[in-house]
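The values are calculated or read from the model by the stated rules, or taken from the named source; none is laboratory data. Quick caveat: nothing in here was measured; it's all calculated off a predicted structure. All Cβ positions, glycine included, derive from the backbone under ideal geometry; neighbour counts span all protein chains shown. Note: areas computed on protein heavy atoms with side chains; ligands, DNA, RNA excluded. Shrake-Rupley method; radii C 1.70, N 1.55, O 1.52, S 1.80 Å.
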Amino acid sequence: MSAARDGRALRGAVLAVLGIGVIGPIIAGLALTARAAFGLLPAIGSTEAGLAPWAQLLALPGIATSVKVTLFTGLGSTALSLTLALAIAAGLRDRLARGGAARLLTPLLAVPHAALAIGLAFVLAPSGWIARVLAPLLGLVRPPDIALVGDPWGVALLLGLTIKETPFLLLMILSALTQIPLRQQLAAGQSLGYGRAAVWLKIIVPQLWPLIRLPVMVVLAYGLSTVDMGLILGPSTPPVLAVALTRLFFSPDTAALLPASAGALAQVALVLAAFGLVLATERAIRGLGLAWIRRGGRGRGIALAARIVAAGGRALLALGLLAMLALVVWSLAWRWPWPAALPQSWSLKAWTGAGPGLGRALAASLWLAVATTSLSLALAIAWLEGEDRARLGRAGWAQGLIYLPLLVPQIAFLYGLNVLFLRLGLSGGYAAVIWAQSLFVFPYVMIALSDPWRALDPRLSRAAASLGAGPWRRLFTVKLPVLLMPILTAAAIGVAVSVAQYLPTLFIGAGRIATLTTEAVTLSSASDRRVTGVYASLQAGLPLAGYGAALMIPALVHRNRRGLKGARS
Amino acid sequence: MSLVLDTVALSLGGHALFAPLSLTIAPGEIATVMGPSGVGKSTLLDAIAGHLAPAFTMSGRVTLDGRELRALPAEARRIGLVFQDPVLFPHLSVGDNLAFGLSRRVTGRAARRAAVDAALEQAGLAGFYHRDPASLSGGQRSRAALMRSLLADPSALLLDEPFSKLDTGLRDEIRAFTFAHLRERAIPALMVTHDPADAAAAGGAAISLEVPGRG
């Protein structure tokens, strides 16, 4: 059938673009980093293979502590986010509550990691909001002299990661729940005398897990290798591994590139070991859980525990929203002495006085976001349409391919990728940064668009075909307009991911491209919170505006089309 | 102008769904296919319309006005589809749904608009051009969907339990409306139904599909 051949051709073309554009660069980047890890980096005159870079890496002061803190924050934040997200999801009574929760999560999903971290530092720091509110109660006259941000164990970093990842996992859980007959199973379990929380743990979670395993691994890989959050909230001497490596990569001494590359490989090993731990835990829990289920305890006691955990999760999310508010308040503050809870005088001076640098950073962020999102959206639509035309489902390997860029630590291949781009003469330009950012924007756009695309009523397309509409007319006049809302939602997610990118912009832009994110991270270590607040507010505001547009445009375009309201999935 | 099925058989994984079927449907005739659930009635319509899922294999010939259909994509077969639900496009107004269906052979903005308005009037929907399809009643939607199919100037029409979701009073009205238009335009039609009253009203050939090797 010609449509199927047409579809396979389209799908083949998309796979070729993906192979050359996404998988190829990652593999090449990893390979070049690995060569440097074993001493082969001709660019700095190192041509002798050996283990010297590894010896240098191990000799770095504090490297063992770096690894320990990395494991504590990465594993801890992932376990905590998953627990909190499951407890919150279990506490949402019906579809309406779940829809409302998904909308409430939007700001926390949209806010870039760096902006959230900066806001959280404003709230948690000894001179921050919490200490200011507590000061009169505790009789403090000066900011307390304890390291509340950048503490040696990375508790602040763990908290920040948890606040950022809980909403993501919660959203993934809510979307996976649509594939499980939740209401009937809860009713069936409760009719057998099980408490609600017990049904969740014994019946729902085991079915949910295979559907959220990949997103959990994405969270784990990110938590173990974050640089921007680690810089802002993590300890500084010694920092988490990825931050230590970034410092080495950007050290003025080019010889440091060799141990840095060895560390990048160690980072991959760390992430792989953590994945192994997840799978081993899964196996262990499957065995123990089955025994637990067979014992038949009705588990009425865990209801209270579940409620307490969910309340803790909600408190943490509220802390996240407070952090975002802190960004705006600081950007508008003028005089704000300690321990006043609110500024004594307000001013727009930090905004108006930020100079042309702010406008340039905003323009760079905006332009990169539009370019990467358009590119990713076009590729995702071509992929999905190819699947439709070839009447093929998604193979497991294809799903893995989509997730791959999110599972490999960025620092492991970005340096190698930059070496490659230097050879191609691309490094430091917008084209290279657009390319590098798209590696991470495309997967999220694809993940966001896949479910709504497949949920589209296939009879619409058939009805159009029976009226004589060919495949392209069906795509452009029926499918895309009906899918306008999920397409724009996917675009908003793409914009948020692009704006948040720190490391790809830094490495591939060769420090020449300043975005809101790179500027905000740099400023976060400076003293003036007002200026930092301006950059971070704008950094958070750009994706939020994107989400707002994704809600407003379909509501306007389809204002007289009741059949499309609530069609968002 | 007739739809001819010549020893058409469908199989899934080597198992035939029903005994080979041969049938000639004359212009304006409405043939009915009945049979137990799961025997492959809807799959037969999918095969004729060009939407057969890749897991199925089809043998035999389907010709329409002497054209062999198997090699043609769905959009080139000139076969209209009427579903259990009206399946109006939710993003287009009622009139634009009809305009989407209207054959390309009607050219010129004014002529096309006039054709759509005339069809709306025939469907008792005069003045409904700009209405949201979601705001129509069930009967109005069914009539609009049929009009959309007819405007495409199909050479044959397939109906998949077209009246089963309508309540009794409405069912007779829509059935009479649909059949009258098919006969007036001399379009051969094949209808899948569970309702003997549909078959009686259609008055054409009535086929009962059976699972091979059983009864």
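Observations on the structure shown:
- Qualifying position, being within 14 Å of another protein chain (Cβ to nearest Cβ), open to solvent by 10 Å² or more (accessible area, probe 1.4 Å) and touching a Pro at 6+ places or on another chain (Cβ under 9 Å), among B:SER155, B:SER137, B:SER142: B:SER142
- Checking B:GLY95, B:GLY80 one by one, the residue that is at the interface with chain A (Cβ under 7 Å from one of its Cβ atoms), in contact (Cβ under 8 Å) with a residue 12 or more places away in the chain and either in contact with a helix residue (DSSP H, G or I) (Cβ under 9 Å, 6 or more places away or on another chain) or under 15 Å from A:ALA464 (Cα atoms) (or both) is B:GLY80 and no other.
- Failed item in (1) within 20 Å of the chain's Cα centre (by Cα); (2) open to solvent by less than 40 Å² (accessible area, probe 1.4 Å), with B:GLN122 passing the rest: (2)
- The lone exception for A:LYS349 - which of (1) of a type in the set (Lys, Arg); (2) free of Cβ contacts under 8 Å to residues at least 12 places away in the same chain; (3) within 30 Å of A:VAL141 (Cα to Cα) it fails: (2)
- Any hit, the stretch A:89-97, residues being open to solvent by less than 20 Å² (accessible area, probe 1.4 Å) and within 30 Å of A:ALA255 (Cα to Cα): no
- Verdict on A:TRP292 being touching a residue at least 40 places away in the same chain (Cβ under 8 Å), of a type in the set (A, V, I, L, M, F, W, C) and closer than 29 Å to A:LYS202 by Cα: yes
- Restricting attention to the stretch A:479-500 and to residues that are open to solvent by 20 Å² or more (accessible area, probe 1.4 Å) and not aliphatic (A, V, I, L, M), the residue that is nearest to the other protein chains (Cβ to nearest Cβ) turns out to be A:PRO481.
- One residue from A:LEU80, A:LEU51 being buried (at least 19 other Cβ atoms within 10 Å of the Cβ) and either more than 20 Å from A:ARG247 (Cα to Cα) or within 24 Å of the chain's Cα centre (by Cα) (or both): A:LEU80
- A:THR166 open to solvent by less than 30 Å² (accessible area, probe 1.4 Å) and among the hydroxyl-bearing types (Ser, Thr, Tyr): yes
- Only one of the numbered conditions (1) at the interface with chain B (Cβ under 10 Å from one of its Cβ atoms); (2) without any contact (Cβ under 8 Å) to a residue 60 or more places away in the chain; (3) part of a helix (DSSP H, G or I); (4) not β-branched (Val, Ile, Thr) is not met by A:GLY548, and that is (1).
- In the stretch A:365-382 there is at least one residue that is crowded, with 18+ Cβ neighbours inside 10 Å and closer than 24 Å to A:LEU120 by Cα.
- Wholly within the stretch A:344-424, helices (runs of 4 or more DSSP H) carrying at least 2 residues that are closer than 16 Å to A:PRO443 by Cβ: A:356-390, A:396-407, A:410-424
- Some residue of the stretch B:24-35 being without any contact (Cβ under 8 Å) to a residue 12 or more places away in the chain and either of a type in the set (Ser, Thr, Tyr) or away from every other protein chain (no Cβ under 13 Å) (or both): no
- For the stretch A:36-58, a residue qualifies if it is free of Cβ contacts under 8 Å to residues at least 12 places away in the same chain and part of a helix (DSSP H, G or I), and the qualifying residues are A:PRO42, A:ALA55, A:LEU58.
- Residue list for the stretch A:435-449, filter: within 19 Å of A:ARG213 (Cα to Cα) and open to solvent by 10 Å² or more (accessible area, probe 1.4 Å): A:TYR444, A:ILE447, A:ALA448
- When the criteria are applied in full, A:GLY289 meets the requirement of being under 31 Å from the mean Cα position of the chain (by Cα), at pLDDT below 90 and either of a type in the set (A, V, I, L, M) or surrounded by 11 or more Cβ atoms within 10 Å (Cβ to Cβ) (or both).
- When restricted to residues that are within 21 Å of the chain's Cα centre (by Cα) and part of a helix (DSSP H, G or I), the stretch A:479-536 contains 31.
- Qualifying residue in the stretch B:102-110 (condition: part of a loop (DSSP other than H, G, I, E, B) and facing chain A (nearest Cβ under 8 Å)): yes
- Residue within the stretch A:266-274 that is over 27 Å from A:SER450 (Cβ atoms) and without any contact (Cβ under 8 Å) to a residue 12 or more places away in the chain present: yes
- Of the listed requirements (1) within 30 Å of A:LEU503 (Cβ to Cβ); (2) in contact with a helix residue (DSSP H, G or I) (Cβ under 8 Å, 6 or more places away or on another chain), A:VAL199 misses just one: (1).
- Cβ pairs under 6 Å, 6+ apart, first in the stretch A:455-472 and in contact (Cβ under 8 Å) with a residue 60 or more places away in the chain and more than 7 Å from chain B (Cβ to nearest Cβ), second open to solvent by 30 Å² or more (accessible area, probe 1.4 Å) and basic (Lys, Arg): A:SER461/A:ARG474
- Within the stretch A:425-457, the set of residues being among the acidic types (Asp, Glu) and part of a helix (DSSP H, G or I) comprises just one member, A:ASP451.
- Checked against the criteria, B:VAL106 counts as open to solvent by 40 Å² or more (accessible area, probe 1.4 Å), β-branched (Val, Ile, Thr) and not assigned by TED's automatic domain parsing to the domain that holds B:ILE48.
- Here A:LYS349 fulfils each of the conditions (1) within 33 Å of the chain's Cα centre (by Cα); (2) open to solvent by less than 50 Å² (accessible area, probe 1.4 Å); (3) at pLDDT below 95 apart from (2).
- Criterion violated by A:PHE476 - all others in (1) at pLDDT 95 or above; (2) more than 14 Å from chain B (Cβ to nearest Cβ) satisfied: (2)
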